[in-house]
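Q: Pasting a structure here, questions to come.
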Amino acid sequence: MSRVYIPAMAACSALGGDAASLRAGMWAEQDPCSLQTTDRYSPGRSLPLGCLPAQLQLPALDFAPPEQRSRNNALAWSVAQQLRADIDQAIGRWGAHRVAVVVGTSTAGVQEGAQAATHWRAQQQFPQDFDYAVQEMGNVAAFLAQHLGVQGPAHTISTACSSGAKALASAARWLQAGLVDAVVAGGVDALCAFTVAGFSALEAVSEVRCNPLSAQRRGINLGEGAAFCLLTRQESPVWLAGWGETQDAHHMSAPDPSGQGAAAAMQLSLQRAGLRPQDVDYVNLHGTATVHNDAMESLAVRQVLGDQVPVSSTKPLTGHALAAAGALEAAMAWQLLQDNPKGRLPVHWWDGVPDPQLPALRVVQPGMSLGRAPRAVLSNSFAFGGSNCALLLATA
């Protein structure tokens, strides 16, 4: 099968509005403290959230019809514009019909729907410019394809927290099948009160900063963001060497405590890449800081890769951006493989109190590096319903 390369990426998160901010934040020697404590999405209850920086202004979507004017689409558009030159070049080279879009999302226009419902309760009618279609999950892919001038397949994946990672895997399959020559792939999710209330109802939200792998962890900090990659078969420095997707079907929201599905996803990514466990230089953990996820993932990593591979969770930096999380963390993996001769690694920001009930892993401390350029990094994404995806990026 032909290799799938990633020549370009772009991102927006609590760390900043572009890929340079993401790169700087993940390598910061001092804790960036990028989460905001606010009750914006949970009135009367302040929570640490991975909100976009206050100074970041998302673009107005006046050029789009009402059903496409969502904050989710504005967030996606702000990141897609960072790739505009690369996308236009791909269209010019292969034709618009040979370029595709695949996006992971879970919120779509939920915030706009909630605002419209509030208006209806007060006025007994919806706002004149409200269109229910703004809440359709496929909205973001259709929006991007239309306004980027892409005429190939436009597809949305919504498998909760694995969506963004699975979008990259789907893009790779399309390219290897010869359906298209380039794919814009990634994930986007915007914070809204509905999401915060839903995770709070599951008692999964922490009122303090998340603390992955710690004996004192209390749950997740929600976040928002977007990341998109351009994938092609044309050689470039980084390629998507492998991916693995499995489905536990263990429980609606809790992971399989054995970690078998997560381990299988990592093993599949290694097999597809033709790499050995010892070839993996670093693992970006799903690392949500919930009791069940951290326990399951620790078991799976130990089983597949052993206890000497450096690991960290970057969710204390970005919050858990849900459908965008896997794409954001793939973007970090891409950054690690670019211009990194000493092998600097993202720090695992936590309280340093390991849970004795978890297998001990080699967490990245401030200043830790490989001492050489990394060659292969793994990024894990695990979702409700046991939807697992592991992405393995490597240098060409």
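Q: Please calculate the 1.4 Å probe accessible area of SER236, with all protein chains present, and give it to the nearest 10 Å².
A: So the heavy atoms of SER236 present about 20 Å² to solvent.
Q: Still on this model: Would you rank HIS251, HIS286 by solvent-accessible area, highest first, keeping every protein chain in place and using a 1.4 Å probe?
A: Listed by decreasing accessible area, they come as HIS251, HIS286.
Q: Please figure out what share of the DSSP beta bridges in the chain is antiparallel and state it in percent, rounded to the nearest 5.
A: 65
Q: Between PRO346, PRO153, PRO255, which gets the highest mean-square fluctuation from a Gaussian network model of the chain, Cα cutoff 10 Å?
A: PRO153
Q: Taking all protein chains in place and a 1.4 Å probe, what share, in percent, of the accessible surface of segment 20-139 do carbon and sulfur account for?
A: 50
Q: Sort out for me the Cα centre separation of segment 351-396 from segment 211-235, rounded to whole Å.
A: With segment 351-396 and segment 211-235 each reduced to a Cα centre, they are spaced 11 Å.
Q: So if R0 is 22 Å, what FRET efficiency would ALA201 and GLN247 give, r being the distance between their Cβ atoms, rounded to the nearest 0.05?
A: 0.35
Q: Then there's this: Starting from the Cα of ALA28, step 7 Å along the direction of its Cβ; do the same at ARG40; then give the gap between the two resulting points in nm.
A: The modelled label-to-label distance comes out at 1.7 nm.
Q: Please name whichever of ASN284, ASN73, GLY367 sits farthest to the positive end of the charge dipole of the chain, dipole taken about the Cα centre and charges placed at Cβ: Lys and Arg +1, Asp and Glu -1.
A: Value computed over the given set: GLY367.
Q: Amide H of VAL238: which non-local residues (sequence gap of 5 or more, or other chain) have their own amide H closer than 5 Å, using H built in the peptide plane?
A: The answer is ILE6, ALA396.
Q: On average, how much accessible surface per residue is there in the chain, in Å², for a 1.4 Å probe, leaving out ligands, DNA and RNA?
A: Roughly 39 Å² per residue, with all protein chains present.
Q: Can you tell me the mean projection area, over all orientations, of the convex hull of segment 47-183's alpha carbons? Units nm², please.
A: 9.9
Q: Continuing with the same structure: Using the Kirkwood formula on the Cα atoms of segment 302-359, what hydrodynamic radius do you get, in angstrom to one decimal?
A: For segment 302-359, the Kirkwood estimate is 13.5 Å.
Q: Based on the alpha carbons, how large is the Rg to Rh ratio for segment 290-396 when Rh follows Kirkwood?
A: Computed over Cα atoms, the ratio is 0.94.
Q: Quick one: among PRO53, PRO32, PRO43, which has the greatest mean-square fluctuation in a GNM of the chain with alpha-carbon springs under 10 angstrom?
A: Among PRO53, PRO32, PRO43, the largest GNM mean-square fluctuation belongs to PRO43.
Q: Between TRP94 and SER369, what is the FRET efficiency for a Förster distance of 45 Å, r being their Cβ-Cβ separation, to the nearest 0.05?
A: Approximately 0.70, to the nearest 0.05.
Q: Continuing with this model, one more query. What residue among PRO48, PRO237, PRO310 has the largest mean-square fluctuation in a Gaussian network model of the chain, using Cα springs under 10 Å?
A: PRO237
Q: If I take R0 = 56 Å and measure r between the Cβ atoms of THR395 and PHE126 in this structure, what FRET efficiency does the formula 1/(1 + (r/R0)^6) give, to the nearest 0.05?
A: Approximately 0.60, to the nearest 0.05.
Q: A further question on this structure: Please state, as a whole number in µm²/s, the translational diffusion coefficient that the Stokes-Einstein equation yields for segment 1-118 at 4 °C and 1.567 mPa s, with Rh defined as the Kirkwood radius across alpha carbon pairs.
A: Taking Rh from Cα pairs, D becomes 76 µm²/s.
Q: Next up: Can you pull out the trypsin sites (Lys or Arg not before Pro) in segment 322-396 whose DSSP state is coil and whose Cβ has at most 14 other Cβ atoms within 10 Å?
A: LYS342, ARG372
Q: Under 5 Å between amide H atoms, partner at least 5 residues away or on a different chain: which partners does LEU275 have, H built in plane at 1.01 Å?
A: HN-HN under 5 Å from LEU275: empty list.
Q: Relative to the compact globular guide of 2.2 N^0.38 Å, what is the alpha carbon radius of gyration of segment 197-332, as a ratio?
A: 1.09
Q: Radius of gyration and Dmax for the chain's Cα atoms, expressed in Å?
A: 19.7, 64
Q: Could I ask something else about it? Given a 1.4 Å probe and every protein chain left where it sits, what share in percent of the accessible area of segment 158-315 is carbon and sulfur?
A: Summing carbon and sulfur atoms, their accessible area is 52 percent of the total for segment 158-315.
The values are calculated or read from the model by the stated rules, or taken from the named source; none is laboratory data. Bear in mind the structure is a predicted one, so any value in this text is a computation, not a measurement. Please note: Cβ atoms are built from the backbone with ideal geometry, for glycine as well, and neighbour counts cover all protein chains shown. In case anyone asks, the SASA skips ligands and DNA or RNA and just uses the protein heavy atoms, side chains included. Shrake-Rupley method; radii C 1.70, N 1.55, O 1.52, S 1.80 Å.
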